[in-house]
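Read through the structure below, which is laid out as structure tokens, and then see the notes.
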Amino acid sequence: MAEIVARDIVVDFPIYGTQSRSLKKALVRAATGGAIARDANERVIVRALDHISLELHEGDRVALIGHNGSGKSTLLRVLAGAYEPVAGELRIKGRVASMLSIALGMDFESTGYENIHLQGILFGMSKDTINKKIDEIAEFTELGDYLSMPLRTYSSGMAMRIAFAVATSIDPEIILMDEWIGVGDAHFMDKANARLDEFVRRAGLLVLASHSQELLRRVCNTAVLLDRGKIVCVGGVDEVIGRYGAL
């Protein structure tokens, strides 16, 4: 059973080279974003997440809502293991698929087929599993003979087809997404959205950050409102969107 439990998670980013006389100006500029303060060593820091506590369970489809700089992406990166909290406890049960940067690790001197193998390994698939899935992945991309050519000969949209096809071929228990993935032209987008819907349906738990309220209402069943690194409220999607509009 997929589960995420976070207790008092704190993430600080030290700001080097900031003079004390400029701190007041920095505070004025922080209309959105984490709180600016000093740590025990007198360094200027941005507190990106401020004592975040959450319990997410199997079946949850969680919308992260908030202004730019509210902490949504930082929280996703903590859950993905990319950021280490300076305080708090995090427990995750289940296999995680991080869809935060699906094109990470692509090699533009290697062929499309070779990149399918590279991406599969990055997503935790064994070589046997990749070999079993490679025909289906290749067919989905609709790239044909291009898959035998180096990625440097591709357009960015063609390369993203490979990254997307591999990322959505796994069977995760937890999906972390920062915005809904868009790839390709209108024809391929219809096909990709259908695949993405099925990918999300198979997962036990979804955490999705997006500015699209229509998408969040369609996909999610609960929501978390963040503001300046703190949780404002947790509740139904419509309720939380209403609170967000009042910030």
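Note on the chain: dipole from Cβ charges, positive end direction compared against V62, F140, F199; the farthest Cα belongs to V62.
Filter K93/K191; K72/K127; K133/K191 down to the pairs with a C-alpha to C-alpha distance above 24 Å, please. Violating the 24 Å Cα-Cα cut-off are K93/K191; K72/K127. Each 10 Å bin from 0 upward holds the following percent of the Cα-Cα pairs of the chain: 7, 28, 30, 22, 12, 2, 0. Which angle from 0 to 90°, rounded to the nearest 10, does the C-alpha axis of helix 127-141 make with the longest principal axis of the chain? Value to nearest ten degrees: 80. Near R217, once Lys and Arg are set to +1 and Asp and Glu to -1 for all other residues with Cβ below 15 Å from its Cβ, the sum equals -1.
The C-alpha atoms of the chain define a longest principal axis, and helix 156-167 lies at about 90 degrees to it. Y83: net charge of surrounding residues, Cβ under 15 Å, Lys/Arg +1, Asp/Glu -1, itself excluded? Value of the local net charge: -2. Among residues other than M1 with Cβ under 10 Å from its Cβ, the summed charge is -2 (Lys and Arg +1, Asp and Glu -1). Modelled spin labels at D171 and A87, positioned 7 Å past Cα toward Cβ, are 4.2 nm from each other.
For segment 154-176, list residues with backbone N below 13 Å from a point placed 7 Å from the Cα of D190 toward its Cβ? Within reach of a label on D190: no residues. Multiplying the residue separation of E109 and S126 by 0.36 nm and subtracting their alpha-carbon distance yields 3.9 nm.
Each DSSP beta bridge with both residues in segment 161-247 is either parallel or antiparallel, and the antiparallel ones are about 50%. Site pair N68 and S212 shows an inter-label distance of 1.9 nm when each label is modelled 7 Å from Cα along Cα→Cβ. Remark: relative contact order (segment 127-206) = 30 percent; criterion is Cα-Cα distance under 8 angstrom and separation of 6 or more residues.
Counting DSSP beta bridges in the chain, what percent are antiparallel, to the nearest 5?
The answer is about 60 percent antiparallel.
Using only C-alpha atoms and all pairs of different ones, pull out the Kirkwood radius for segment 77-129 in Å with one decimal. Hydrodynamic radius (Kirkwood, Cα only) of segment 77-129 equals 13.2 Å.
None of the figures in this text is laboratory data; all of them are computed from the coordinates on show. All values derive from a computational prediction rather than experimental measurement. Glycine also receives a Cβ, built like all others from the backbone with ideal geometry; neighbour counts cover every protein chain displayed.
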